[in-house]
Amino acid sequence: MKYGLLGGKLAHSLSPAIHKLFFAYTGIKGDYQLLETPAEALPAMLSRMQGAYQGCNVTIPHKVAVMPLLDKISAEAEAIGAVNTIYFHQGRLEGHNTDYFGFAKMLDFNNIAAVGKTAAVLGSGGAARAVVKYFTDIKVGRLYLVTRNPQQVDEHFYKIAPDLQVIDYQQLEAVRGEVLVNCTPVGMYPHTDSCPVKTEVIAGFNSAVDLIYNPSQTLFLQEAARQGKKAVNGLFMLVAQAVAAQEIWQQQEYESQLIKRIMTELEQSL
Ligand code: NAP
């Protein structure tokens, strides 16, 4: 079976390595290819793939542009406003967003329970949309979106979470809660000496989650660990969103231990 990743520049993608490990562990005979595609070639590429491919992932810059080209969009992808997985199913193109499921599986695996509690999300980009949608769906008690410009936050966030409290980094200093999630690129390689928040902010939360996986321990996570907090990086989510895509393509569920095994092997190659 053929699978692939549709995107702009893909040279540094870890997806082929993750899916290769998935195929090795499950015994599925699959092939996962990088399909660099310019925006204007997207419709023709999707038509060519139909029949030949079982499914594909979608990344920057096509996650939104691909949506009008699909026959069906899942509820979470519709709400988030982005598709990262396509299933070629019975002649139809179905769009999904597995970042949402990857984030859910990561919290679950690490025993971070946010139902009825306070969560704060840093950054207002695409990743934050999936995280805000998940926290809204599980019914956190209070949900903060932290942005440098509260006045300019995308209206779409209020559609996802009507009770969302949009605040700036100074206002965050007074917030106490269960989980603080970094959905900004601050601290990512090569800018590893940056942290998105002051150390006092981390002190107000029980758990710190960073969607960044390179480096594995950002300054944000190092500080959280130093303070004795639960500190989780984004590698589990990255692998989990890939396995969630495979669950859609294979129409089968896989245990979190499989994600963990793939993650451990991947960590050694990073
Ligand atoms: P993005 O759209 O480029 O940025 C997200 C938000 O971060 C921006 O909208 C901005 O929000 C804030 N931001 C950007 N630069 C900043 C700076 N210098 N200082 C403070 N805030 C800044 O990124 P994304 O696609 O949402 O991804 C965010 C991060 O998550 C990336 O590191 C990405 O690699 C990671 N990610 C990981 C996974 C995974 O599976 N582990 C999945 C998706 C994304 P404001 O303007 O509102 O402040």
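Annotations
- Where helices (runs of 4 or more DSSP H) fall wholly inside the stretch 95-166, the ranges with 2 or more residues that are within 13 Å of the ligand (Cβ to nearest atom) and closer than 19 Å to residue 177 by Cβ are 98-109, 126-137.
- Beta carbons closer than 7 Å, at least 6 apart along the sequence or on distinct chains, pair a first residue in the stretch 147-158 that is touching a residue at least 24 places away in the same chain (Cβ under 8 Å) with a second that is of a type in the set (A, V, I, L, M) for 147/153; 147/166; 153/145; 153/166; 157/132; 157/145; 157/164.
- Hits in the stretch 167-176 (condition: more than 11 Å from the ligand (Cβ to nearest atom), part of a helix (DSSP H, G or I) and farther than 23 Å from residue 116 by Cβ): 170
- Residue match in the stretch 25-41 (condition: under 29 Å from residue 265 (Cβ atoms), of a type in the set (A, V, I, L, M) and not in a strand (DSSP E or B)): yes
- Counted residues, the stretch 65-77 - those being surrounded by 16 or more Cβ atoms within 10 Å (Cβ to Cβ) and more than 16 Å from residue 103 (Cα to Cα): 6
We did not get these values from a lab; they are worked out from the coordinates using the rules stated. Because the structure is a prediction, the values reported are computed rather than measured. Quick reminder, even Gly has a Cβ in these numbers, built from the backbone with ideal geometry, and neighbours come from all protein chains shown.
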